[in-house]
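Asks: To start, I am sharing the structure in question, which I have written as structure tokens.
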Amino acid sequence: MMREAVASDAPAIAALANELGYPATVVQIQERLARLAGDEQQYVVVYEVHGQVLAWMQLHIGLSLASGTQVEILALVAAASARGQGMGTALLH
């Protein structure tokens, strides 16, 4: 199931980021999620299976001179054990 990330997802998000070599503590992720929560141009979504977050994605909505409104993927992370199962593709749709 895909849903918007919440503060309680911070441990899973941090673990997945660390798995890919992007060091971040749970506290850092909690702080960043809190800062992003009030920004209508930022979205963090997670893919959850049986209560476990196995993937997450951060999106930024911005304005391009060339094309107008655009959405940029800032991060797309899936657990090694979940890769190839379509979670990343689901997050993109």
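Asks: Looking at segment 59-74, is at least one residue among the β-branched types (Val, Ile, Thr), at pLDDT 95 or above and touching a Ser or Thr at 6+ places or on another chain (Cβ under 8 Å)?
Replies: Looking for residues that are among the β-branched types (Val, Ile, Thr), at pLDDT 95 or above and touching a Ser or Thr at 6+ places or on another chain (Cβ under 8 Å), one finds at least one in segment 59-74, hence yes.
Asks: In the list LEU76, LEU36, LEU65, LEU54, which residue meets the criterion of being farther than 16 Å from VAL6 by Cβ and either among the β-branched types (Val, Ile, Thr) or within 14 Å of the chain's Cα centre (by Cα) (or both)?
Replies: Selected residue: LEU76, the only one of LEU76, LEU36, LEU65, LEU54 that is farther than 16 Å from VAL6 by Cβ and either among the β-branched types (Val, Ile, Thr) or within 14 Å of the chain's Cα centre (by Cα) (or both).
Asks: Looking only at strands (runs of 3 or more DSSP E) that fall completely inside segment 1-75, which ones have 1 or more residues that are open to solvent by less than 50 Å² (accessible area, probe 1.4 Å)?
Replies: 42-49, 52-64
The values are calculated or read from the model by the stated rules, or taken from the named source; none is laboratory data. All figures in this text were calculated on a predicted structure; none of them were measured in a lab. Note: ideal-geometry Cβ built from the backbone for every residue, glycine included; neighbour counts use all protein chains shown. Heavy atoms of the whole protein, side chains included, go into the accessibility calculation; ligands, DNA and RNA do not. Shrake-Rupley method; radii C 1.70, N 1.55, O 1.52, S 1.80 Å.
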